[in-house]
Amino acid sequence: MKVLVYSDDASTREKVRLAIGRRPAADVPRAEVVECATQAKVIQLLDSGEIDVAVLDGEAQPAGGMGVARQAKDEVFDCPPICLIIARRDDRWLANWSRADAVVPQPLDPMVVADTIAGLMRTRAASRLPSNH
C-alpha cells in the first residue's frame with residue numbers, strides 16, 4: 001500500500017517514514033512511503049488514486065495539513081484515510097473540522113504512528129473501491 005507523507009519539514013517526513021517502516025503491523029501489506037513537501041503535490045498524488053493512506057503535517061507551511069485534508073475530503077474521489085500530525089491537544093477540534101480519520105500528536109511516538117497507520121491501512125483495504133488499473 002502507498003502511504004503519502006506530507007510536511008515541509010524533512011525531519012518530520014523522516015520520523016514518520018521510519019515509524020511506518022516496511023510494514024507497520026504484521027497483518028497489513030508492505031508500505032511504500034511517498035514523501036512530498038507541497039500542497040499541489042499532495043492533491044496531485046491523491047487525485048492519481050494510487051495513495052492508500054495519507055499522513056499530513058498540521059503545522060506544514062504555507063499550506064497546513066488540516067486545510068489540505070479538508071480540501072482532499074471535499075474534492076478527491078474515493079479519498080483515502082487521512083492521519084493528521086497535530087502539535088497541540090487543542091488542535092483536535094481542527095482535526096475534526098478537517099475531517100481527518102485519525103490524529104497523532106507531536107512529539108511523534110513511533111509506536112503510536114505505526115499503530116495508527118496500520119489501522120488506517122486496514123480501513124482502506126476493507127473499504128477500497130474496485131479499481132480499473
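The values are calculated or read from the model by the stated rules, or taken from the named source; none is laboratory data. Bear in mind the structure is a predicted one, so any value in this text is a computation, not a measurement. No Cβ is skipped: glycine too gets one built from the backbone with ideal geometry, and neighbour counts run over all protein chains shown. Accessible surface is based on the protein model in full, side chains and every heavy atom, while ligands, DNA and RNA are left aside. Shrake-Rupley method; radii C 1.70, N 1.55, O 1.52, S 1.80 Å.
Some observations on this one:
- Sites matching trypsin sites (Lys or Arg not before Pro) across the stretch 1-39 that sit in DSSP coil, with at most 13 neighbouring C-beta atoms within 10 Å: R22, R30
- Cα gyration tensor, the chain - rounded (a/c under 1.5), prolate or oblate: rounded
- Counted as membrane-span-like here are DSSP H helices of the chain whose alpha-carbon atoms extend 20 Å or more along the helix's own axis and whose Kyte-Doolittle mean is -1.0 or above; these are 110-127.
- Close amide H pairs (under 5 Å, H built 1.01 Å from N) link V5 with V34, E35, C36, V55, residues at least 5 positions away or on another chain.
- Remark: the stretch 50-133 carries a charge dipole of roughly 220 debye about the Cα centre, counting +1 on each Lys and Arg Cβ and -1 on each Asp and Glu Cβ.
- The GluC sites (Glu not before Pro) of the stretch 44-115 meeting both criteria, a DSSP state outside H, G, I, E and B (loop) and at most 15 other C-beta atoms within 10 angstrom of the site's C-beta, are E50.
- Residue among I43, I85, I117 with the largest mean-square fluctuation in a Gaussian network model of the chain, springs linking Cα atoms under 10 Å: I43
- Under 20 Å from K73, Cα to Cα: lysines that are on another chain or at least 8 residues apart: K2, K41
- Entry comment: accessible area of the chain is 52 Å² per residue, from protein heavy atoms only and a probe of 1.4 Å.
- Farthest toward positive dipole pole in the chain [+1 Lys/Arg, -1 Asp/Glu at C-beta], among M1, S48, G58: M1
- Neighbours of E32, meaning other residues whose beta-carbon lies under 15 angstrom from its beta-carbon, give a summed charge of +4 when Lys and Arg score +1 and Asp and Glu score -1.
- Carbon/sulfur fraction of accessible area - the chain, other protein chains in place, 1.4 Å, %: 51 percent
- For T12, net neighbour charge (Lys/Arg +1, Asp/Glu -1) across residues whose Cβ lies under 13 Å away: -3
- For A60, net neighbour charge (Lys/Arg +1, Asp/Glu -1) across residues whose Cβ lies under 11 Å away: -3
- Ellipticity estimate at 222 nm from DSSP helix runs (n ≥ 4, -39,500 (n - 2.57)) divided over the chain, nearest 500: -13000 deg cm²/dmol
- Using 0.36 nm per residue and subtracting the Cα-Cα separation, the extra length available between D9 and E32 on full extension is 6.3 nm.
- With the charge dipole of the chain set up from +1 on Lys and Arg Cβ and -1 on Asp and Glu Cβ about the Cα centre, the Cα lying farthest toward the positive end among the listed residues F77, V28, L18 is that of V28.
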